[in-house]
Amino acid sequence: MSKHYHFIIHKPFGYLSQFITNQTKRRKKLLGELGEFPEGTMAIGRLDANSEGLLLLTTDGKISEQIRSRKIEKEYFVQVDGEITTEAIEELQAGVEISLNQKKYKTLACKAHKLHPVPVFEARTKKIRDERHGPTSWLSITIREGKFRQVRKMTAVVGFPTLRLIRVRIGNIQLNNLKAGQIIEVDNLEGGLLQIA
């Protein structure tokens, strides 16, 4: 049986969650530029180019399927434009209607709360607008699904557009103090339980 390889990385802002791209016009940064990975390595789920944080990579398609399932929670820390209200948080928790492939889609109920104190992350390579343009707030949103740009669409629908989005947890695997662009190879990712090699 051939050995599988698994990695935990902190995907930096501006990188696509893939190793090859068919886009020829604009040069995008790809995961392979962060380090050496074995042939057949794939990202489990995606973070769009503007999103950052925890991304799992594997050469094992079965594990990829397990982790993308609704059994595994994905937690995001989200900086939004404005001082988020209790009402908006309650709407997010109950599920909101977003647009998906030009159809309406109601998100599943999720966990959402305002973060106190505000989390501290490295400054992003592309500056986020500063406090002179009005207040911002941070919240935690934990979902069990992963539709295209879902969290961004959810906060926009309740009136608080996302300024910065960082995935901090998948199952029991945490981003912790992993720096942007850092890679850790691990023994396994089974069931989201982490054993560091």
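The values are calculated or read from the model by the stated rules, or taken from the named source; none is laboratory data. The shown structure was predicted, so the numbers you read here are calculated from the model rather than taken from an experiment. So basically every Cβ, Gly included, is an ideal-geometry build from the backbone, and we count neighbours across all protein chains shown.
Assorted remarks:
- Restricting attention to segment 155-179 and to residues that are over 10 Å from the mean Cα position of the chain (by Cα) and assigned to a strand (DSSP E or B), the residue that is surrounded by the fewest Cβ atoms within 10 Å (Cβ to Cβ) turns out to be Gln174.
- Among the residues listed as Glu36, Glu65, the single one being of a type in the set (D, E, K, R), in a loop (DSSP other than H, G, I, E, B), surrounded by fewer than 16 Cβ atoms within 10 Å (Cβ to Cβ) and at pLDDT below 95: Glu36
- Selected residue (criterion: modelled with the lowest pLDDT) from residues of segment 77-128 that are small (Gly, Ala, Ser) and out of contact with any Leu (no Cβ under 8 Å at 6 or more places or on another chain): Ala123
- Candidates Ile183, Ile128, filtered to the one that is in the same structural domain as Arg46 (by TED's automatic domain parsing) and more than 14 Å from the chain's Cα centre (by Cα): Ile183
- Condition check for Arg152: closer than 15 Å to Tyr76 by Cα, surrounded by 13 or more Cβ atoms within 10 Å (Cβ to Cβ), at pLDDT 95 or above and touching a Lys or Arg at 6+ places or on another chain (Cβ under 7 Å): no
- Among the residues making up segment 135-149, a single one is of a type in the set (Phe, Trp, Tyr) and either at pLDDT 95 or above or not assigned by TED's automatic domain parsing to the domain that holds His116 (or both): Trp138.
- Leu92 being more than 30 Å from Thr58 (Cα to Cα) and within 18 Å of the chain's Cα centre (by Cα): yes
- Failed condition for Ser51, given (1) among the small types (Gly, Ala, Ser); (2) under 19 Å from Asn176 (Cα atoms); (3) in contact with a helix residue (DSSP H, G or I) (Cβ under 9 Å, 6 or more places away or on another chain); (4) without any contact (Cβ under 8 Å) to a residue 24 or more places away in the chain: (4)
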